[in-house]
Each structure stands twice: as structure tokens, then as C-alpha cells.
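The values are calculated or read from the model by the stated rules, or taken from the named source; none is laboratory data. All of these numbers come straight from a predicted model, not from anything done at the bench. Glycine also receives a Cβ, built like all others from the backbone with ideal geometry; neighbour counts cover every protein chain displayed. When the accessible area is computed, the model is the full protein with side chains, heavy atoms only, and any ligands, DNA or RNA have been set aside. Shrake-Rupley method; radii C 1.70, N 1.55, O 1.52, S 1.80 Å.
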Amino acid sequence: MTFTDTTVLITGANRGLGRALVAEALERGAKRVYAGTRGPLTHPDGRVAPIRLDVTDTDDIRAAAEEIGALDVLVNNAGISLPDALDDRDALERHFAVNCFGPYAVTQAFLPALRRSRGRIVNILSLSGVAAMPLQPTYSMSKAAAFSMTQSLRMLTAGDGISVHAVLLGPTDTDMTRGFDIPKAAPDAVARRVFDGVEKGEEDLFPDPLSASATAGWDGGPTKALERHMATYLAGGDRD
């Protein structure tokens, strides 16, 4: 698929990677890009339609689904990363609310539209969801849960013609990684690689140098093999 003449919704679109994803969708010819944010947003390109969308607010999600209607691509990008420790229950709950339950709720709201368009779901995840970052344990837990959700969605919506893509992101130069003195990928370069991968039909994307090097051989590895095996249990069965 290509993004030409598509309608795209990107959550967390006001800064960092979200802003870069909006720019990349426009560059590839999207006819309408809904930029989901919690606060006001202006954009010089008339194809961008800012829309209020706090992914933890059920009323926002419902209103956005009603306003947007037809949709070809959903990019679940909104996320948070808080200072935390394994015994920090508040950080655990806040991470899960935004990083896991948020994209779950948004996806459920837009599934009818995506079924009609035989569209795409792109979940911006993290390498921390594959191997936990010990300095961010509850963040890692939320991203691991979101990765599992993505795998389940991929299996359960395949029969509807929906493609589901997991972006397993390494360090990227955004506000979220400001406190880490490590090499970071540029958001615009990451956005290009994400959209390249979606257009090529890649299920799991590794759009930065660290993720690409850390997951060499992923497609032939045990995690992917087990996912494909699990999908066979749906053969001939019902899909929600």
C-alpha cells in the first residue's frame, strides 16, 4: 500500500515523533491527516485536521471516532515515560493507562472504520517491550503488554484485511529521552523508516540503528516463529 489519498489518524501528534509522523504522511500524499492531541494545535498545511484526543478519555475517543468516520491508517503514537521504580504503583498505573489501555481503546473505537477500508494499524512500541530496561521497569511492562496486544490484533484482524504493524523503537531524540545521554535517532529519519516499512508490508519494524542491530534475524527467530505458530490456532475459527 501507499499513503497517497489516504486518511490517517496519528495520536500524540503535537511534538517529537508524532510531529515527524504527521510531516511524513503529508510528504507521502495523504489527503487528510488527523492530528490527535490533548491541547490546541495549529498546522500550516490545510490537510491537517487537529482533533482533541486524550487516549485515556473515553469521551474524547468516542467523539473522535464519530467526527472522523472513514479511516485508512491509525497510528497509535501517544505515550508517556515517567521516572519510576518497580514498587511505584502510581507510575505503573499511569504507564498502563497511556501506553497500553490508551491504544487499546482507540483501536477498538476505530476498528469498524478500519474494517471497511481494510486499513492499517501502526503501534509505536519500544525495544523495552521486548527486553526490559531496568531503569524503567513499569514503562517496560506497559510496552510489553502493548506489544502482546499488537500481536493479538494482528492475528484477530487478519481475516478482515487489516494489517497490524509493531514499531519496536530504540532511543529517539524526543522529550521522552531528554535525560538519557546516549546516541539517539532523529525523529524524521524514524518516521521515514516507519512509513517505508508499512508500505512494504513489514509486520515488525526496527526504524533506528539500535533496534535494527539488536534484532538482526528477527523474522527467522523464535519469537516470530512462535507468533506464527499461535496464529494457526485461528485456522477455521472465528475472529472478533
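For the range 55-68, how many residues meet the condition of being closer than 24 Å to ALA20 by Cα and either small (Gly, Ala, Ser) or open to solvent by less than 30 Å² (accessible area, probe 1.4 Å) (or both)?
Residues meeting the conditions: 6.
Please work out which one of (1) within 15 Å of the chain's Cα centre (by Cα); (2) over 22 Å from SER148 (Cα atoms) is the condition LEU111 fails and give its number.
(2)
Out of the residues in the range 2-12 that are open to solvent by 10 Å² or more (accessible area, probe 1.4 Å) and within 17 Å of the chain's Cα centre (by Cα), which is modelled with the lowest pLDDT?
First, the residues of the range 2-12 that are open to solvent by 10 Å² or more (accessible area, probe 1.4 Å): 2, 4-7, 12.
When the remaining residues are screened for being within 17 Å of the chain's Cα centre (by Cα), the result is 7, 12.
Details: THR7: 98, GLY12: 95.
Restricting to residues being open to solvent by 10 Å² or more (accessible area, probe 1.4 Å) and within 17 Å of the chain's Cα centre (by Cα), the top hit is GLY12.
Could you list, in sequence order, all residues of the range 214-233 that are at pLDDT below 90 and surrounded by fewer than 16 Cβ atoms within 10 Å (Cβ to Cβ)?
Result: ALA214, ALA216.
Go through the range 13-43 and report how many residues are assigned to a loop (DSSP other than H, G, I, E, B) and modelled with pLDDT of 95 or more.
To start, the set of residues in the range 13-43 that are assigned to a loop (DSSP other than H, G, I, E, B) comprises 13-15, 28-31, 38-43.
Among the residues that remain, those that are also modelled with pLDDT of 95 or more are: 13, 28-31.
The number of residues fulfilling the criteria is 5.
Condition first: surrounded by 15 or more Cβ atoms within 10 Å (Cβ to Cβ) and either assigned to a loop (DSSP other than H, G, I, E, B) or of a type in the set (Phe, Trp, Tyr) (or both). Now tell me which residues in the range 70-97 satisfy that. Give the steps one after another, and end with the answer.
Restricting attention to the range 70-97, the residues satisfying the condition of being surrounded by 15 or more Cβ atoms within 10 Å (Cβ to Cβ) are 71-82, 84, 88, 91-92, 94-97.
Selection gives LEU71, ASP72, ASN77, ALA78, GLY79, ILE80, SER81, LEU82, ASP84, ASP88, PHE96.
Give the residue that is surrounded by the most Cβ atoms within 10 Å (Cβ to Cβ), with candidates limited to residues of the range 195-211 that are under 16 Å from GLY129 (Cβ atoms) and of a type in the set (A, V, I, L, M, F, W, C). Before the answer, list the steps.
Here is the first cut: in the range 195-211, the residues under 16 Å from GLY129 (Cβ atoms) are 203-208, 210-211.
After this cut, where a residue has to be of a type in the set (A, V, I, L, M, F, W, C) as well, the list is 205-206, 210.
Details: LEU205: 26, PHE206: 22, LEU210: 17.
If we take residues in the range 195-211 being under 16 Å from GLY129 (Cβ atoms) and of a type in the set (A, V, I, L, M, F, W, C), then LEU205 is surrounded by the most Cβ atoms within 10 Å (Cβ to Cβ).
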